[in-house]
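**Student:** Sharing a structure here in structure tokens format.
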Amino acid sequence: MLRRNFLKVGALAAASAVVVPQLSATDFRATKPDTWTAHTVDDAIKALYGAITPIESGVTVGAPKVASNGGAIPVNVTSDIDAKTVAVFQDANPEAAVIVFEMNEGGIINYDIKMKMGASGTITAIVEGKDGKFYKGTKTLEVALGGCEG
Amino acid sequence: MKIKAKLKGDIVKVKALAKHDMTTYNQAEKKTGDRNNANFITHISASVNGKTVFDASTSQFLSKNPIFKFQFKGGAKGDEISMTWVDKKGNTKTDSSKIK
């Protein structure tokens, strides 16, 4: 992108900070602000979904058993559930929430992300099914070198 | 942003790398003394032919220069996939690529 155009886009974005190109999407940071400041996984789940009792099956969280670099841990979440949203949390950082995916038509739950963890802990993935039920998968891992202080 | 999209069977597999420092509150406090200098991608989405195919609200705990891999059905070879991120300070970046 040309520098000139880039600056223009930046200025435009600053001028209309609220206008975001995606219209159909839900910004969970705006609609569920408490999720992102919650310190424990349970509180974050409560803030996002309310008081739920997830079924502990149907969701697979993949991550290395021992992560050598806590600054970029590859995490994979898969599930065959027909879902509305997928949320990922962990219990090693100051706040719990990492990412919330909103499913769209044709979407497949097979996400790979890279995340930071300051210490060893457990990654929790919650899948909100279209059937109104919640499903949960977890993965506990060791982090050799914490990645939150950078 | 680097975007690679490949059609395999009827599934489009996408790999995207967003260039962003993803500064956490703790990092910002350590480096600048002010937690409010934290800056990270807060929302990222992808669309094909005007339809959203990927949409995520994100926190500071994604890695620096985060990678997103995702899959979806309903894309064809040659379609343009466009991805946009927004960060905490309101910067946005949009890039696109063709599905191969």
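**Student:** Name the single residue, out of those in the range B:22-38 being among the polar types (S, T, N, Q) and crowded, with 19+ Cβ neighbours inside 10 Å, that is modelled with the lowest pLDDT.
**Tutor:** Checking each candidate, the answer is B:Q27.
**Student:** Can we say B:G74 is more than 7 Å from chain A (Cβ to nearest Cβ), modelled with pLDDT under 90 and surrounded by fewer than 22 Cβ atoms within 10 Å (Cβ to Cβ)?
**Tutor:** Judged against the criteria, B:G74 is not a match.
**Student:** Do any strands (runs of 3 or more DSSP E) entirely within chain B hold 2 or more residues that are out of contact with any Leu (no Cβ under 7 Å at 6 or more places or on another chain), farther than 26 Å from A:D91 by Cα and basic (K, R), and if so, which?
**Tutor:** Output list reads B:2-8, B:11-17, B:92-98.
**Student:** Follow-up. Quick check: anything in the range A:1-17 loosely packed, with under 15 Cβ neighbours inside 10 Å, within 22 Å of B:A16 (Cβ to Cβ), away from every other protein chain (no Cβ under 13 Å) and at pLDDT below 85?
**Tutor:** yes
**Student:** Can you pull out the residues in the range A:32-43 that are farther than 18 Å from A:T122 by Cα and either away from chain B (no Cβ under 14 Å) or acidic (D, E) (or both)?
**Tutor:** Answer for the range A:32-43, where residues must be farther than 18 Å from A:T122 by Cα and either away from chain B (no Cβ under 14 Å) or acidic (D, E) (or both): just A:D34.
**Student:** If you go through the range B:21-71 one residue at a time, how many are more than 7 Å from chain A (Cβ to nearest Cβ), among the small types (G, A, S) and over 17 Å from A:T26 (Cβ atoms)?
**Tutor:** 4
The values are calculated or read from the model by the stated rules, or taken from the named source; none is laboratory data. Quick caveat: nothing in here was measured; it's all calculated off a predicted structure. Cβ sites come from the backbone with ideal geometry, for glycine too, and all protein chains shown count toward neighbours.
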